[in-house]
Amino acid sequence: MKLTELEPKWVATDEPRHGMGISFNHPNGKDFRLVIWFDNPIDGGKPAFPNQYGLWHRTGEDFETLTLTPSIEVKLPEDMYWHGFLTNGDFKSV
């Protein structure tokens, strides 16, 4: 599944920051949006939450080339569980 199919949006904690993270619809089609924060924001500034566990490393600067590491694991209620990778704008389930 392509990231572009999940209505992605760049997120930031405040203006004029850009690309501090990304928000997108749940890969399993649930009515829920996920937010992933980057340890290396696109705008070159500091991470949104620099001392917090749970930041992803980003390569790529657009939705078609975005790769995140480590994998993404959603541990919400059981029917919303999802684990996979985002590589070059494409989601792959584990």
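Read-outs throughout are calculated quantities, based only on the coordinates presented, and are distinct from any laboratory measurement. What you see is a predicted model, and the numbers here were worked out from it, not measured in a lab. Backbone-built Cβ (ideal geometry, glycine too); neighbour counts: all protein chains shown.
A straight line joining the Cα centroids of the range 1-46 and the range 60-94 runs 11 Å. With the simple spin-label model, which puts each label point 7 Å out from Cα in the Cβ direction, the D90 to R17 separation comes to 3.2 nm. For the range 80-94, putting each phi into the Karplus relation 6.51 cos²θ - 1.76 cosθ + 1.60 with θ = phi - 60° gives couplings of 10, 4, 8, 9, x, 10, 10, 10, 6, x, 10, 8, 10, 6, 9 Hz, in residue order, rounded to whole numbers and with x for Gly and Pro. The simple Förster model, with R0 at 25 Å and r as the Cβ-Cβ distance, assigns N28 and D62 a FRET efficiency of 0.55. Given +1 at the Cβ of Lys and Arg, -1 at the Cβ of Asp and Glu and no other charges, the dipole of the chain around its Cα centre is 180 debye to the nearest 20. Using the Cβ-Cβ distance between M1 and Y53 with R0 = 25 Å, the FRET efficiency computed as 1/(1 + (r/R0)^6) comes to roughly 0.40. Gyration tensor over the Cα atoms of the range 3-93: the corresponding equivalent ellipsoid has semi-axes (square roots of 5 times the eigenvalues, largest first) of 21, 14, 12 Å. In order along the range 42-56, the phi-based Karplus estimate (6.51 cos²θ - 1.76 cosθ + 1.60, θ = phi - 60°) of 3J(HN,Hα) comes to 4, 6, x, x, 6, x, 4, 10, x, 9, 9, 5, x, 9, 9 Hz; Gly and Pro are listed as x.
Check cross-link reach from K46 to the lysines: straight Cα distance under 30 Å, and skip same-chain residues fewer than eight apart. Cross-link targets: K2, K9, K75, K92.
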